[in-house]
Amino acid sequence: MHPIDWLIVVVYFVWVVTDGLRRTKNRDRIEGYFLASRSLPWWVAGLSVMATQLSAITLVGTTGQGYATGLRFIQFYFGLPLAMILLSLTLVPFFHRAKVYTAYEYLERRFDARTRSLTSFLFLMSRAFSLGVVIAAPAVVISAMLGWGIPMTVALLSVPMVFYTAFGGVQAVAWTDVKQMVLIVFGVVAAVVVLFVALPEGFGLRQVLALAGSTGRLEALDFRFDVRETYTFWSGMIGGLFLMLSYFGCDQSQVQRYLTAKSVDEARRSLLMSAYVKIPLQLLILGTGVLVFVFYVFVTPPMLFNRVHDRQVAAGPRAAEYAALQREFDDAIGERREAARLGNRNVFLAADSRVRDIRSRATDIVKAATGDDRYTDVNYVFPTFITTQLPVGLVGLMIAAIFAAAMSTAAGELSALSSATVIDFYRRHLVQNATDRHYLSVSKVATAAWGVFACIVALYAADQGSLIEVVNRYGSLFYGSILGVFLLAVLTRRATATGAFWGLISGMAVVVLVAFWTPVAFLWHNLIGAVTVVVIGLSIAAFSKTGGS
Amino acid sequence: MGPRGLGDVAEAEHREVSALDHPLNSSYVRVLIIEVVLVVLLFLLGRMFR
């Protein structure tokens, strides 16, 4: 990287940390530290909500998906706008008026301490491991891009983030989120401009759409009702709705964002911001990936974008076969480029099919040579484009944007872990009537401790590709069930503490069975978990009432 | 014992009525209209360029 790019990355780090800390007020009080004294305007809370959701792996992975398969992934977000409306009408005013610090605190008021502690514990377990993955996944990509060791990348991502989260609390997190979101959007828009400028003369938007569309990359919607398919219109609208209700309504890493808003309406507006902006933003990111595909029709791409195994393959028994594939790949790329220039659709599609086939065979060779069955290069497409094709200055900006995406998500999760630990466990079960100063000290220690724990998980997860998937899958086992408990809490007065507790246990058990013994795609698990908890919870309530009477 | 349900909490707190309490508030309707328009546009995009 050019020294100017390094300078931009360093300036970004210094600015984010110092400005974040400078803007924090009342951080000597626990309400200031965890809830910004409920003082933030809607747009700050709203950008913080979006920044927490948009991780680095969303940024590089989504562009990679746009490159590889097109716009289909957008269906994942179709349930989000409706979820935001439902939450604005139900849980948001409820949490705000109840003046809670955590989502789970409310469950004790409605049910009992047992249900509160269990849901908070489930949150802590799933988020703590997920935080490790949120750090590990981009660390692996950044390390490969810049040739750094994983521990150094993990440290660079984590140390400033833990520092400003521990000392500045949620206000530092929210204000840095604002800057990070602006940087991410600016970076992506700049990349789109560069991509358009780099297209051959006479090749405009219409030609881009025609070329991408001919490969099926613009077919975003799949209306088949097949529960085994991960991304369809229906899985996004129904399963996605329940996932988003659970994530934004029952996950402290999001609830804490809008609890910082000045009023109920400001909190609602912060969520409605995502309802308006999220799908267009994701389309922009996916569309950038599609544009990268079109760009690489005219500029020769690497056969595989993730080159970390090149040496192993070159030194292995299939090195000659791999080299022959590279020559075949170059021929096919040349043929595809020429066909695109001449507008010869059939020849273009045939050459594109050859390119895909060669990439698939090359991937198989890498898998065989390294023993890494899950090898994929999707997450490396955009970083490769950034480091090899963008002009000086923009490279630094985009690297900073990837760091920003990673740090904003991690900081939000870290602050939420600390608040749930201190409010739901330490203050509730261990030390109940201490001073704010005491709780603040404990909160800072908790933030630092979770930060260290996440770094250890990240270092371990970075070497185990499959672990990342396991952790993501593990988190999705609880989401629907926790949503079910909150539905019982706010939608009916019939539910009892015993019904909620055993409903939660039953919901998780059913989701585990479905996840491991059926081919049902994971988005549907959220619906299944929520419905099971509500049905079992209400049944137990009805049964105990009948038994009691 | 603390408040037990949505209605009880609302009664227990000093509650200001807001336009955003209404499910048919124009902000919510606008969100849904924008989503429908986006879905239709995506459908047409996929149909026009294939």
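The values are calculated or read from the model by the stated rules, or taken from the named source; none is laboratory data. Since we're looking at a predicted model, the values are computed, not measured. A quick note on method: Cβ atoms are made from the backbone with ideal geometry, for glycine too, and the neighbour counts reach across all protein chains shown.
Can you report the number of residues in the range B:30-49 which are in a helix (DSSP H, G or I) and within 9 Å of chain A (Cβ to nearest Cβ)?
Taking the range B:30-49 as the starting set, the residues that turn out to be in a helix (DSSP H, G or I) are B:30-48.
Filter once more, keeping what is within 9 Å of chain A (Cβ to nearest Cβ): B:30-32, B:34-35, B:38-39, B:42-43, B:45-48.
Total satisfying the criteria: 13.
Before we move on, is B:ARG30 among the basic types (Lys, Arg) and either modelled with pLDDT of 90 or more or on the phi > 0 side of the Ramachandran plot (or both)?
Values: among the basic types (Lys, Arg): yes; either modelled with pLDDT of 90 or more or on the phi > 0 side of the Ramachandran plot (or both): yes.
So B:ARG30 passes the test.
Kindly check whether there is at least one residue in the range B:3-15 that is modelled with pLDDT of 90 or more and within 7 Å of chain A (Cβ to nearest Cβ). Let's see the steps before the verdict.
Narrowing the range B:3-15 to residues modelled with pLDDT of 90 or more: none.
No, the range B:3-15 contains no residue that is modelled with pLDDT of 90 or more and within 7 Å of chain A (Cβ to nearest Cβ).
Looking for whichever is crowded, with 20+ Cβ neighbours inside 10 Å, under 27 Å from A:LEU89 (Cα atoms), more than 23 Å from the chain's Cα centre (by Cα) and at pLDDT 90 or above here; the options are A:GLY484, A:GLY503. Which one fits?
Of A:GLY484, A:GLY503, the one residue that is crowded, with 20+ Cβ neighbours inside 10 Å, under 27 Å from A:LEU89 (Cα atoms), more than 23 Å from the chain's Cα centre (by Cα) and at pLDDT 90 or above is A:GLY503.
Can you go through A:ALA369, A:ALA351 and tell me which one is touching a residue at least 24 places away in the same chain (Cβ under 8 Å) and more than 14 Å from chain B (Cβ to nearest Cβ)? Break it down stepwise before answering.
Values: A:ALA351 fails: touching a residue at least 24 places away in the same chain (Cβ under 8 Å).
Exactly one of A:ALA369, A:ALA351 is touching a residue at least 24 places away in the same chain (Cβ under 8 Å) and more than 14 Å from chain B (Cβ to nearest Cβ), namely A:ALA369.
One line per residue, one yes/no per condition, for (1) more than 27 Å from A:PHE248 (Cβ to Cβ); (2) free of Cβ contacts under 8 Å to residues at least 12 places away in the same chain; (3) under 24 Å from the mean Cα position of the chain (by Cα):
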{"position": "A:TYR12", "(1), (2), (3)": "yes, no, yes"}
{"position": "A:THR18", "(1), (2), (3)": "yes, yes, no"}
{"position": "A:THR24", "(1), (2), (3)": "no, no, no"}
{"position": "A:PHE34", "(1), (2), (3)": "no, no, yes"}
{"position": "A:LEU40", "(1), (2), (3)": "no, no, yes"}
{"position": "A:GLY46", "(1), (2), (3)": "no, no, yes"}
{"position": "A:VAL49", "(1), (2), (3)": "no, no, yes"}
{"position": "A:GLN53", "(1), (2), (3)": "no, no, yes"}
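Restricting attention to the range A:500-532, which residues are away from chain B (no Cβ under 14 Å) and within 18 Å of A:GLU105 (Cα to Cα)?
So in the range A:500-532, the residues away from chain B (no Cβ under 14 Å) come out as A:501-532.
Once the filter is applied, which keeps residues that are away from chain B (no Cβ under 14 Å) and within 18 Å of A:GLU105 (Cα to Cα), the range A:500-532 yields A:PHE501, A:LEU504.
Considering only the range A:211-247, state which residues are closer than 30 Å to A:ALA489 by Cα and within 14 Å of chain B (Cβ to nearest Cβ).
A:PHE233, A:TRP234, A:GLY236, A:MET237, A:GLY240, A:LEU241, A:MET244
Taking the residues in the range A:36-59 that are part of a helix (DSSP H, G or I) and hydroxyl-bearing (Ser, Thr, Tyr) as candidates, determine which candidate is farthest from A:TYR77 (Cα to Cα).
Filtering the range A:36-59 for residues part of a helix (DSSP H, G or I) gives A:36-38, A:42-53, A:56-59.
Now restrict to residues that are hydroxyl-bearing (Ser, Thr, Tyr): A:37, A:48, A:52, A:58.
Working: A:SER37: 31, A:SER48: 18, A:THR52: 15, A:THR58: 12 Å.
Here the residue is A:SER37.
Listed here are the residues, each with its yes/no results for (1) in a helix (DSSP H, G or I); (2) in contact with an Asp or Glu (Cβ under 9 Å, 6 or more places away or on another chain); (3) away from every other protein chain (no Cβ under 14 Å).
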position	(1), (2), (3)
A:GLY61	yes, no, yes
A:PRO81	yes, yes, no
A:ARG97	yes, yes, no
A:TYR106	yes, no, no
A:SER117	yes, yes, yes
A:ARG127	yes, yes, yes
A:ALA139	yes, no, yes
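Can you name every residue in the range A:263-275 that is more than 18 Å from the chain's Cα centre (by Cα) and either more than 11 Å from every other protein chain (Cβ to nearest Cβ) or assigned to a helix (DSSP H, G or I) (or both)? Give the derivation first.
Within the range A:263-275, the subset more than 18 Å from the chain's Cα centre (by Cα) is A:263-270, A:272.
Once the filter is applied, which keeps residues that are more than 18 Å from the chain's Cα centre (by Cα) and either more than 11 Å from every other protein chain (Cβ to nearest Cβ) or assigned to a helix (DSSP H, G or I) (or both), the range A:263-275 yields A:VAL264, A:ASP265, A:GLU266, A:ALA267, A:ARG268, A:ARG269, A:SER270, A:LEU272.
Any chance you could count how many residues in the range A:142-201 are of a type outside the set (Phe, Trp, Tyr) and assigned to a loop (DSSP other than H, G, I, E, B)?
Start the filter on the range A:142-201 by keeping residues that are of a type outside the set (Phe, Trp, Tyr), which leaves A:142-147, A:149-162, A:165-166, A:168-174, A:176-185, A:187-195, A:197-201.
Filter once more, so that each one left must be assigned to a loop (DSSP other than H, G, I, E, B): A:147, A:149, A:198-201.
Result for the range A:142-201: 6.
With A:THR518, A:THR498 as the choices, which residue is out of contact with any helix residue (DSSP H, G or I) (no Cβ under 9 Å at 6 or more places or on another chain), surrounded by fewer than 24 Cβ atoms within 10 Å (Cβ to Cβ) and either modelled with pLDDT under 95 or farther than 15 Å from A:ASP251 by Cα (or both)? Even if it seems obvious, please write down each step before you answer.
Working: A:THR498 fails: out of contact with any helix residue (DSSP H, G or I) (no Cβ under 9 Å at 6 or more places or on another chain).
Testing whether each residue is out of contact with any helix residue (DSSP H, G or I) (no Cβ under 9 Å at 6 or more places or on another chain), surrounded by fewer than 24 Cβ atoms within 10 Å (Cβ to Cβ) and either modelled with pLDDT under 95 or farther than 15 Å from A:ASP251 by Cα (or both) leaves just A:THR518.
Among the candidates A:THR102, A:THR62, single out the residue that is at pLDDT below 95 and farther than 18 Å from A:LEU491 by Cβ.
Within the list A:THR102, A:THR62, the selection yields A:THR62.
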